[in-house]
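One structure is given here, and the rest of the page talks about it.
Every read-out reported here was derived from the displayed coordinates using simple, explicitly stated rules and does not represent laboratory data. Everything numeric here is computed off the predicted structure, so don't read it as measured data. When we count neighbours, we look across all protein chains shown, and the Cβ atoms used for this are built from the backbone with ideal geometry, even at glycine.
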Amino acid sequence: MEQNSDQSNSLFGLRIEGATRDLLHTIATWARIIAIVGFISAGLSLLGMIIGKKGGAAAFANFFTVITLIISVVLNIFLFRFANHTLASLSNMNQVQFNEGANNLKNYFKLYGIFILIIIVLAVLFVLAVGAGRGFR
């Protein structure tokens, strides 16, 4: 009875074996690369915004560029933290670091989903507003 309780607490007795460890290492390495490329992309976008045109329409575009940059940086911070904690945990077999990495990946996907839902809602509202505007003509 005691053994079944321990197995249910350890995700049905699953363990991280050699092949799974290698897969996690590859996943974390690619996550780190993607996060770094995301940071570079955000920096280049910011540089382009600063160097770019000034004026009324540009100010509106710059507002959305800043919002997009903030979202991108926040998401990439979580992805980068996942990669760093996971790689560190795999090299020294530290469960606390592994859990922290998994938590950062959870936060990455949760925020990504929230941002997607916000974009979908805004797109639907935009379509409704345009449709209502055309109905008044």
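Could you please let me know if Phe80 is part of a helix (DSSP H, G or I), without any contact (Cβ under 8 Å) to a residue 60 or more places away in the chain and within 26 Å of Phe39 (Cβ to Cβ)?
Values: part of a helix (DSSP H, G or I): yes; without any contact (Cβ under 8 Å) to a residue 60 or more places away in the chain: yes; within 26 Å of Phe39 (Cβ to Cβ): yes.
Yes: the conditions hold for Phe80.
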*Which condition breaks for Val121 when tested against (1) surrounded by 18 or more Cβ atoms within 10 Å (Cβ to Cβ); (2) more than 13 Å from Ala31 (Cβ to Cβ)?*
(1)
*Does Leu46 qualify as being assigned to a helix (DSSP H, G or I) and surrounded by fewer than 16 Cβ atoms within 10 Å (Cβ to Cβ)?*
yes
*asked:* Checking Leu128 against (1) of a type outside the set (Phe, Trp, Tyr); (2) closer than 16 Å to Thr29 by Cβ; (3) loosely packed, with under 14 Cβ neighbours inside 10 Å: exactly one of these is not met. Which one?
replied: (2)
